[in-house]
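Here is the structure we will look at, set down as structure tokens.
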Amino acid sequence: MGKVILTGDRPTGRLHVGHYVGSLRRRVELQNSGDYDAVYIMIADAQALTDNADNPEKVRQNIVEVALDYLSAGLDPDKSTILIQSQIPELTELTFYYANLVTVSRLQRNPTVKSEIQMRGFETSIPVGFFTYPISQAADITAFRATTVPVGEDQEPMLEQCREIVHKFNTVYGETLTMPQILLPDNAACLRLPGTDGKAKMSKSLGNCIYLSDTPEEVRQKVMGMYTDPDHLRVSDPGKVEGNPVFTYLDAFCTDDMFAEYLPDYQNLDEMKAHYQRGGLGDVKVKKFLIKVMEETLAPIREKRHAWEKRIPDVYDILHDGSMRAEKVAASTLADVKASMRINYFDDQALIAEQIKKYGAR
Ligand code: TRP
């Protein structure tokens, strides 16, 4: 058994820098590390439909946006299999069998589901498909026999739930499914990058995101408008770096050599933070530096995106090809699952022989 990565995103919008530092950057590194036998990256359109049933067009439009973001961020279709969830029917079948191993109360306790139900105002009428999406996500992970799932902190409860399903399945039906491990970002700032307004989460509906596909002017305006320490009124005032998103973004994006290049007044971020805390360092200077730091990451991504945008038919070929390859793997896992559950009736010579004996025919 090799080392296999699976992770994915819901195609409900273009990807933003929170997605990038939370998971996408890591995926590209892991893909290029050569340490993994397979890397599967899923565009989770079926999951996106669990709370967008009335708007399939939004999901449909965003599949290519997410694919463009993937390719421009450095996912390489020669090294990673990029697939569209809905094109792998085996995932739905696995979900149906796993659903028998999960209780309603366990799903109700899933903190991510709980907070998403609140955010969407679903309290009084939760779509069943939405409520059960953690089970479908367990199917996504196990279908590809993933050992490693690189995701942001918000996905921790999903991985917990998946591991419980794997354990239960293997206990009831015999060792079949691979137990996955979560891989969280090691940099605390990347666990959950705040919005530009300082709110805990970047979200399209709050309008506080910087997108990987934003123009340099959009990035500049968003950074210059970022929330900082509200008590840092004059340059000479001491400032706070905790809870100050400008510094959280620097934590996530900046390296020491960027100081040498753009702001040689400091050797590293610690020195800059110390100056801000003691007073005498203005927000504008910090923000201008942050723009340069972010452009180090964003400019090459933007450039690659422009090239891929001219190759839309190739993008669809990549997705089609990836989905076909992925389906073969999922089909083989499903066959194992059915064999372990002993619902592979037509392959089961022992069962047929048993029935012949029972009825005494020959
Ligand atoms: N739930 C994930 C998100 O909202 C997307 C996703 C779907 C996923 N299936 C997955 C992530 C399997 C990791 C593994 O971002």
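The values are calculated or read from the model by the stated rules, or taken from the named source; none is laboratory data. What you see is a predicted model; the values in this text were computed from it and never measured. Neighbour counts are summed over all protein chains in view; Cβ atoms, including those assigned to glycine, are modelled from backbone coordinates with ideal geometry. Remember, those area values only see protein heavy atoms, side chains included, never the ligands or the DNA or RNA. Shrake-Rupley method; radii C 1.70, N 1.55, O 1.52, S 1.80 Å.
Taking residue 115, is it within 19 Å of the chain's Cα centre (by Cα), surrounded by fewer than 18 Cβ atoms within 10 Å (Cβ to Cβ) and without any contact (Cβ under 8 Å) to a residue 60 or more places away in the chain? When the stated conditions are applied, residue 115 passes them. Scanning region 224-269 for residues that are in a loop (DSSP other than H, G, I, E, B), hydrophobic (A, V, I, L, M, F, W, C) and over 12 Å from residue 189 (Cβ atoms) returns 226, 233, 235, 263.
Scanning region 270-295 for residues that are under 17 Å from residue 232 (Cβ atoms), open to solvent by 20 Å² or more (accessible area, probe 1.4 Å) and among the hydrophobic types (A, V, I, L, M, F, W, C) yields a total of 2. Scanning region 57-84 for residues that are open to solvent by 10 Å² or more (accessible area, probe 1.4 Å), in contact with a strand residue (DSSP E or B) (Cβ under 7 Å, 6 or more places away or on another chain) and of a type outside the set (Val, Ile, Thr) returns a single hit, 79.
Residue 54 passes every criterion in (1) part of a loop (DSSP other than H, G, I, E, B); (2) free of Cβ contacts under 8 Å to residues at least 40 places away in the same chain; (3) open to solvent by less than 60 Å² (accessible area, probe 1.4 Å) apart from (3). Would you say residue 203 is within 26 Å of residue 28 (Cβ to Cβ) and either surrounded by fewer than 21 Cβ atoms within 10 Å (Cβ to Cβ) or out of contact with any strand residue (DSSP E or B) (no Cβ under 7 Å at 6 or more places or on another chain) (or both)? So residue 203 passes the test. For region 305-320, the count of residues that are part of a helix (DSSP H, G or I), touching a Leu at 6+ places or on another chain (Cβ under 9 Å), hydrophobic (A, V, I, L, M, F, W, C) and under 30 Å from residue 232 (Cβ atoms) is zero. Only one residue in 181, 221 is surrounded by fewer than 20 Cβ atoms within 10 Å (Cβ to Cβ), in contact with a strand residue (DSSP E or B) (Cβ under 7 Å, 6 or more places away or on another chain) and either of a type in the set (D, E, K, R) or at pLDDT 95 or above (or both). Which one? Checking each option against the conditions leaves just 181. Under 9 Å between Cβ atoms, at least 6 apart or on separate chains: pull out the pairs that start in region 299-312 with a residue that is within 11 Å of residue 71 (Cα to Cα) and end on any residue that is open to solvent by 50 Å² or more (accessible area, probe 1.4 Å) and modelled with pLDDT of 95 or more. What qualifies is 302/215; 302/216; 308/314.
Please work out if residue 189 is small (Gly, Ala, Ser), away from the ligand (no atom under 14 Å from the Cβ) and surrounded by 13 or more Cβ atoms within 10 Å (Cβ to Cβ). So residue 189 passes the test. State whether the residues of region 150-169 include one that is open to solvent by 10 Å² or more (accessible area, probe 1.4 Å), touching a Pro at 6+ places or on another chain (Cβ under 6 Å) and within 24 Å of residue 99 (Cβ to Cβ). Within region 150-169, one or more residues are open to solvent by 10 Å² or more (accessible area, probe 1.4 Å), touching a Pro at 6+ places or on another chain (Cβ under 6 Å) and within 24 Å of residue 99 (Cβ to Cβ). Checking each residue in region 53-81 for being more than 18 Å from the chain's Cα centre (by Cα) and under 21 Å from residue 119 (Cα atoms) picks out 53, 54, 55, 56, 58.
A quick yes/no check of all residues on (1) open to solvent by less than 20 Å² (accessible area, probe 1.4 Å); (2) of a type outside the set (Ser, Thr, Tyr); (3) more than 14 Å from the ligand (Cβ to nearest atom); (4) closer than 28 Å to residue 179 by Cβ:
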{"residue": "15", "(1), (2), (3), (4)": "yes, yes, no, no"}
{"residue": "23", "(1), (2), (3), (4)": "yes, no, no, yes"}
{"residue": "27", "(1), (2), (3), (4)": "yes, yes, no, yes"}
{"residue": "40", "(1), (2), (3), (4)": "no, no, no, yes"}
{"residue": "46", "(1), (2), (3), (4)": "no, yes, no, yes"}
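Could we say that residue 57 is under 22 Å from residue 195 (Cβ atoms), at pLDDT 95 or above, away from the ligand (no atom under 12 Å from the Cβ) and assigned by TED's automatic domain parsing to the domain that holds residue 119 here? For residue 57, the condition - under 22 Å from residue 195 (Cβ atoms), at pLDDT 95 or above, away from the ligand (no atom under 12 Å from the Cβ) and assigned by TED's automatic domain parsing to the domain that holds residue 119 - is not met. Counting only helices (runs of 4 or more DSSP H) that sit wholly inside region 85-175, those with at least 3 residues that are within 11 Å of the ligand (Cβ to nearest atom) and within 22 Å of residue 40 (Cβ to Cβ) are 133-143, 156-173. Among the criteria (1) open to solvent by less than 80 Å² (accessible area, probe 1.4 Å); (2) without any contact (Cβ under 8 Å) to a residue 24 or more places away in the chain; (3) small (Gly, Ala, Ser), the one residue 239 does not fulfil is (2).
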